[in-house]
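Notes follow once the structure below has been shown.
The values are calculated or read from the model by the stated rules, or taken from the named source; none is laboratory data. Treat the numbers as computed from the prediction; the structure is a model and nothing was measured. We place every Cβ from the backbone using ideal geometry, glycine too, and count neighbours over all the protein chains shown.
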Amino acid sequence: MKYRILIVEDDPGIASAVARQTQMWDLDARCVENFRDVLQEFAQYDPHLVLMDISLPFFNGYHWCTEIRKISKVPILFLSSASDNMNIVMAMNMGADDFIAKPFDQNVLMAKIQAMLRRTYDFAAAVPMLEHRGAWLNTGDNTLTYEGQVLDLSKNEYRILLALMENKGKVVSREKLMERLWETDSYVDENTLTVNINRLRKKLDAMGLADFIVTKFGVGYRIG
């Protein structure tokens, strides 16, 4: 498996140079294109490490670091020419893991990236996350995060949401959902599934996620 590096840098020359260097080290790299919504590209790419500039269009690197930290513990390494002590301290307080000043030596950057990947992933597998409508399902701790709210899910609620979010755009049959719930070692019938769906819907509504689960009568459910 190749580690994925997301490069959040608006200088095309620096971004492409860093991408080339990481690829030479057998890492996968992607440069952010939509600086209005870095979080969406983060979600789609699901990187193992983020390289983040401070000065960016629309929102600065501190903003995106804070947003990423709401949903992920992925390592974040800041790259910036604004390398005074105040910016370094602020980056660390926002949740960054390290800071490297521009101009930087590519070999030093790669050494830091390799060390950070070893520290993070030699001891713990990456925890995948699924996103829909700004809600994030964390498969590591069975929680759903939305606009700063964290919802702890029961085993059954988690299995239902996982099945639906893994099949975005598709209807999941009641039979398939019951199969997923049987994996929790509990007997599930039609009525139990309906009760679980209704309870989950109430919790989602309370978070501001109305109509997150849509019923397709006679077939099953999908996320809306």
Exercise. What residue, of Val108, Val150, Val127, is at pLDDT below 75 and surrounded by fewer than 16 Cβ atoms within 10 Å (Cβ to Cβ)?
Worked result: Val127
For this session: Filter segment 153-173 down to the residues that are polar (S, T, N, Q) and not in a helix (DSSP H, G or I), then identify the one that is nearest to the chain's Cα centre (by Cα).
Result: Asn167
Exercise. Only one of (1) in contact with a strand residue (DSSP E or B) (Cβ under 7 Å, 6 or more places away or on another chain); (2) surrounded by 14 or more Cβ atoms within 10 Å (Cβ to Cβ) is not met by Asn60, so which one is it?
Worked result: (1)
Problem set entry | Residues of segment 2-53 that turn out to be surrounded by 21 or more Cβ atoms within 10 Å (Cβ to Cβ), over 20 Å from the mean Cα position of the chain (by Cα) and not in a helix (DSSP H, G or I), as a count | 0
For this session: Would you confirm whether any residue within segment 39-61 is of a type in the set (Ser, Thr, Tyr) and modelled with pLDDT of 85 or more?
Result: yes
Exercise. So Gln23 fits all but one of (1) within 14 Å of Gln114 (Cα to Cα); (2) in contact with an Asp or Glu (Cβ under 8 Å, 6 or more places away or on another chain); (3) not aliphatic (A, V, I, L, M); what number is the exception?
Worked result: (2)
For this session: Can you confirm whether segment 166-174 contains a residue that is touching a residue at least 24 places away in the same chain (Cβ under 8 Å) and under 17 Å from Thr143 (Cα atoms)?
Result: yes
